[in-house]
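Visitor: The structure under discussion is supplied below as structure tokens; questions concerning it will follow.
The values are calculated or read from the model by the stated rules, or taken from the named source; none is laboratory data. Given the structure is predicted, the values throughout are model-derived calculations rather than measurements. Here the Cβ is made from the backbone with ideal geometry for all residues, glycine too, and neighbour counts use every protein chain on show. All accessible areas refer to the heavy atoms of the entire protein, side chains included, with ligands and DNA or RNA removed. Shrake-Rupley method; radii C 1.70, N 1.55, O 1.52, S 1.80 Å.
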Amino acid sequence: MLRKGITESFGAAIHALNTTKLTDGVISRSKRMMLDTLGVGLIGTRTAVFNKALTYSQSFTSDNSSSVWGKSQITLPPHYAAFVNGIAVHSMDFDDTWHPATHPSGAVLPALLALAETLPSRPSGLDLLLAFNVGIEVQGRLMRFSREAYNIPERFHPPSVVGVMGSAAASAKLLGLTPAQCIHALAIASSSAGAPLANAATQTKPLHIGNAASRGLEAAQLAQMGLEGNPAILDIPIGFGVYYKDYSPSAMTVPASGDFKWILEDQDIAFKRIPAHLGMHWVVDAALAARAKLENTARNVDLRQIRRITLRVPPSKYVDCPLPATEHQARHSFQFNASSALLDNKVTVSSFSEAQINRPALKELLSKVKVETPKDNQPSFDKMYCEVEIETDQGQSYTARCDTFYGHWRKPLSQEDLVDKFSVNASSVLCTEGVEGLIDVIGNMERVRECSILGSYLRLTRSQQEQCYSP
């Protein structure tokens, strides 16, 4: 028997995986991912970048239409619904992060929900869970084709590389494509992959997720219509290998009997507590701990007496932004997040508003920040640390270090805190019935008859007057 090629093995696996292969652990983790993604997507519908993309997308129409999250009266053609909802998920950099580094859910869930609303077969909750996990699994396997992918990225934004492939795989699964069609879906999607990190910390970065969701869905539907691409797209260096310096692909196999080993089973997800690049969570926790040490020794904390703030962080150019002028730059700035934590003793959604960014007291702290990159501090979300040292005019020094923040896969958010995060985010847009309905449906997803019911709850909005998010 001839050995399958890499791409052929992926096409066969995407087709062959079925709901019996889902484990309790994978179902539990993926439901947490879905709930968090819907929450950050809902609050993301109040951002400028989402509303610009929505205005653009409303100029397109089709016979089929899908829900726009948090909009009771607006529907869009499925590709554009996936596009704008994907943008919403990443518009505040509040979405989940995996290892190797990517934002896995935002590229997959918007595509699947947009597609599910248009299918005559009406997929069940279990169908949605399977397709979602196929999309996540494909991303995880592709990232393991390269050691480069294990570090904080330097060239491409990972969701734009693996996310579109995950969206294509998930959409192909929900469409019930043949193994050959699944292969071509991946090949077609690969021609929409790749976005430079130069657009990180700008309004264009959320489009990387929106494009991944939309173009992956498009690739699967084109493959269903018979469009073909290179059937060895994953096998060759000039195929998917162009995105990595050390590309070494391996096959994806599904045993005929016995359990399938899901990557999500072994590698959990990081959920963010603040709407910023994942690296900011380490520096914020270290800054808060250093501030607490200062408070313990001083009756009245006067931050004007701080002479210097030293941040010891891993080397990464795109999250080294000394004087951020926009919310997107602030979300990618070690300096800003440390200073904001020191000044306010917290970092929240409102910390990234224009008014907060431009405070004189914050700018004064920013002027005192020095960044160091110790050789032992590796640019990897699995190995990095952040240390914050505060030096005062009186010669005192207070240092704190964070090796693992709360929300990291080594220190996961409790279910209670994850639901609280969702509720706060979702209730900024939806009424109580919508919020509670989504919690209930996601919590029982494996027993839901029609997953498209999610769209009904996603449209149960509050009045416009009650929505007051500013950035």
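Visitor: Anything over 20 Å Cα to Cα? Flag those among K173/K245; K31/K346; K383/K411; K21/K272; K4/K245, in the order listed.
Guide: With Cα atoms farther than 20 Å apart: K173/K245; K31/K346; K21/K272; K4/K245.
Visitor: May I pose another question? At 1.4 Å probe radius, can you tell me the per residue accessible area of segment 121-188 in Å²?
Guide: 24
Visitor: Here's something else I'd like to know. When the solvent-accessible surface of protein heavy atoms is calculated with a 1.4 angstrom probe, in what order do H184, H79 fall, highest first?
Guide: H79, H184
Visitor: Tally Lys/Arg at +1 and Asp/Glu at -1 over every other residue whose Cβ is under 12 Å from the Cβ of K383; what's the total?
Guide: Charge balance near K383 sits at -2.
Visitor: How much of K370 can a 1.4 Å solvent probe reach, expressed as accessible area in Å² and rounded to 10?
Guide: 80
Visitor: How big is Rg to Rh over segment 137-218, alpha-carbon atoms, Rh as the Kirkwood inverse-mean-distance radius?
Guide: Over the Cα atoms of segment 137-218, Rg/Rh equals 0.99.
Visitor: Moving to a separate point now. Could you please state, rounded to a whole Å, how far the C-alpha centre of segment 405-451 is from the C-alpha centre of segment 213-238?
Guide: 33
Visitor: Oh, and also: If packing is taken as the mean number of other Cβ atoms within 10 Å per residue, what is the order of 189-197, 281-289, highest first?
Guide: On the way: 189-197: 19.9, 281-289: 24.7.
Highest-to-lowest ranking by the protection proxy: 281-289, 189-197.
Visitor: Which value in Å does the Kirkwood hydrodynamic radius of segment 52-196 take, with 1/r averaged over all unlike C-alpha pairs and then inverted? The partial results should precede the final answer.
Guide: Working: mean 1/r = 0.0638 Å⁻¹.
One over the average 1/r among Cα pairs gives 15.7 Å for segment 52-196.
Visitor: Give the carbon-plus-sulfur fraction of the accessible surface of the chain in %, rounded to a whole number; probe 1.4 Å, heavy atoms of protein chains only.
Guide: Looking at the chain in its full context, I get 49 percent from C and S.
Visitor: Using alpha carbons only, how many degrees (0 to 90, rounded to 10) separate the axis of helix 179-190 from the longest principal axis of the chain?
Guide: 40
Visitor: Which whole-number percent gives the relative contact order of the chain, counting Cα pairs below 8 Å spaced six or more residues apart?
Guide: 22 percent.
Visitor: Taking all protein chains together and a probe of 1.4 Å, list T253, T118 from the most accessible to the least accessible.
Guide: So, going from the largest accessible area down, we get T253, T118.
Visitor: Among the aspartates and glutamates, select those whose C-alpha is under 18 Å from the C-alpha of K261, and discard any that sit fewer than 8 residues away in the same chain.
Guide: Here the aspartates and glutamates satisfying the reach criterion relative to K261 are D24, E137.
Visitor: To continue, here is another question. Mind checking the alpha-carbon convex hull of the chain and giving the volume per residue in Å³?
Guide: 141
Visitor: When the convex hull of the Cα atoms of segment 246-402 is projected onto a plane and the area is averaged over all directions, what value comes out in nm²? Before the final figure, lay out the partial values.
Guide: Details: hull surface 49.9 nm².
The Cα convex hull of segment 246-402, projected and averaged over all directions, gives 12.5 nm².
Visitor: Same structure, new question: For segment 316-350, which trypsin sites (Lys or Arg not before Pro) are in a loop by DSSP, counting at most 13 other Cβ atoms within 10 Å?
Guide: Counting only loop positions with at most 13 other Cβ atoms within 10 Å, the trypsin sites (Lys or Arg not before Pro) in segment 316-350 are K346.
Visitor: Also, quick follow-up: How big is the equivalent ellipsoid of segment 353-444 along its three axes, where each semi-axis is √(5λ) from the Cα gyration tensor, reported in whole Å from largest to smallest? Each step should come with its number before you reach the end.
Guide: Numbers: eigenvalues 272, 94, 25 Å².
Ellipsoid semi-axes (Å, largest first): 37, 22, 11.
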